[in-house]
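A.B. asks: Dropping the structure in here first, questions after.
Every read-out reported here was derived from the displayed coordinates using simple, explicitly stated rules and does not represent laboratory data. This one's a predicted model, so the numbers in the text were calculated from it and none came from an experiment. Here the Cβ positions follow ideal geometry from the backbone for every residue, glycine too, while neighbour counts run over all protein chains shown.
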Amino acid sequence: QGAGNHTLPTEFVLSGLSSRPELQHLLFFTICFVYSMTLIGNLLICVLTVHPTLHTPMYFFLRVLSFLDISTASVVVPKMLVSLLSGDRSISYLGCVTQLYCVVFLAATEWFLLAAMALDRCVAVCWPLRYAAVMSPRACRALVLLSCGSGKVVSVLQTAWVFTLALCGPRSINYFFCDIPPLLVLACTDTSPYEKQLISATVLVILTPFCLILLSYACIISSILKVSSAQSRHKAFSTCSSHLTVVTLYCASGTLIYLQPKSSNSQDAKKILALVYTTVIPTLNPLIYSLRNKEVKEVLIRVVAVLVKK
């Protein structure tokens, strides 16, 4: 049938993480716990980095990252929790469009921001004398605005492209939120042109920032090797390795999903990968990037001490 014979759907039905009834409550409490940790950790970073002693570019970027992580988890998780508890897995057409737009916007913005953060650390370590001039407050704000603007362009293009496809068959989406790969499965027209474009977008949005991050850390590690103190080298390598581990996990989960959106690989595997970048990564980021930091710990201790005295 031609695309013109298909009416616009009014709603979709999400399959969720699992269809097994005995797992619904376990999934609910597990995801609720993880989401709570995401909110607590990231809100804590947002509050602590307002402290005057943490008014530096690095903590400015971390505050923005925490806001993005809260937003990413909040776009996906609350709806999923309601579905697990009530059994109502329907989502309106407009709700699906909005959710896809927000997920793509936040993910793309976060990738560009992570590249900016890697640049900030690279300049701080490799060219410390130029750091204040290069990473000025104005430059930091410009990098954040550029990240958001780029994320918005990517999101508008991807969302518009997906929802201009003619969707046919059952309105069941084998996923726990509205994402590009499961929506492409519903298309009754040739999606190969869009899939080629999606590969290009994945390379631009995920792999290019990832390569820039690796290059920045290579420069950082090269500079660290010149440090005479073995203790300093060990601490720096530990920090770099933890950052790169999280970024690599984020990159792997995204690329495996979007480079082959309609592949015959297990949909359950894709759900797990999607859970990683929408739920797990936002929980890990404050632990890896901020809460292990000595300066953040000191501010936290001061704040707690003030609260205890009151």
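A.B. asks: Quick check on the stretch 112-129. Is at least one of its residues free of Cβ contacts under 8 Å to residues at least 12 places away in the same chain, among the hydrophobic types (A, V, I, L, M, F, W, C) and either over 22 Å from V280 (Cα atoms) or in contact with a His (Cβ under 8 Å, 6 or more places away or on another chain) (or both)?
C.D. replies: The answer is yes, given that some residue of the stretch 112-129 is free of Cβ contacts under 8 Å to residues at least 12 places away in the same chain, among the hydrophobic types (A, V, I, L, M, F, W, C) and either over 22 Å from V280 (Cα atoms) or in contact with a His (Cβ under 8 Å, 6 or more places away or on another chain) (or both).
A.B. asks: Go through the residues of the stretch 264-274 one by one and say whether even a single one is among the hydroxyl-bearing types (S, T, Y) and surrounded by 12 or more Cβ atoms within 10 Å (Cβ to Cβ).
C.D. replies: Scanning the stretch 264-274 turns up no residue that is among the hydroxyl-bearing types (S, T, Y) and surrounded by 12 or more Cβ atoms within 10 Å (Cβ to Cβ).
A.B. asks: Which of the helices (runs of 4 or more DSSP H) contained wholly in the stretch 100-197 include at least 1 residues that are within 22 Å of the chain's Cα centre (by Cα) and of a type in the set (F, W, Y)?
C.D. replies: In the stretch 100-197, the matching helices (runs of 4 or more DSSP H) lie at 137-163.
A.B. asks: Here is a follow-up. Assuming P78 fulfils every condition listed in (1) surrounded by 20 or more Cβ atoms within 10 Å (Cβ to Cβ); (2) under 18 Å from the mean Cα position of the chain (by Cα); (3) not polar (S, T, N, Q) apart from one, which condition is it?
C.D. replies: If we test P78 against (1) surrounded by 20 or more Cβ atoms within 10 Å (Cβ to Cβ); (2) under 18 Å from the mean Cα position of the chain (by Cα); (3) not polar (S, T, N, Q), just (1) comes out false.
A.B. asks: How about the stretch 146-199: which of its residues are of a type in the set (D, E, K, R) and in contact with a helix residue (DSSP H, G or I) (Cβ under 8 Å, 6 or more places away or on another chain)?
C.D. replies: K152, D179, E195
A.B. asks: Okay, next question. Looking at the stretch 60-91, which of its residues are closer than 25 Å to R138 by Cβ, in contact with a Leu (Cβ under 7 Å, 6 or more places away or on another chain) and of a type in the set (G, A, S)?
C.D. replies: The answer is S71, and nothing else.
A.B. asks: Within the bounds of the stretch 32-51, is there any residue that is under 30 Å from D190 (Cβ atoms) and in contact (Cβ under 8 Å) with a residue 12 or more places away in the chain?
C.D. replies: Scanning the stretch 32-51, I find no residue that is under 30 Å from D190 (Cβ atoms) and in contact (Cβ under 8 Å) with a residue 12 or more places away in the chain, so the answer is no.
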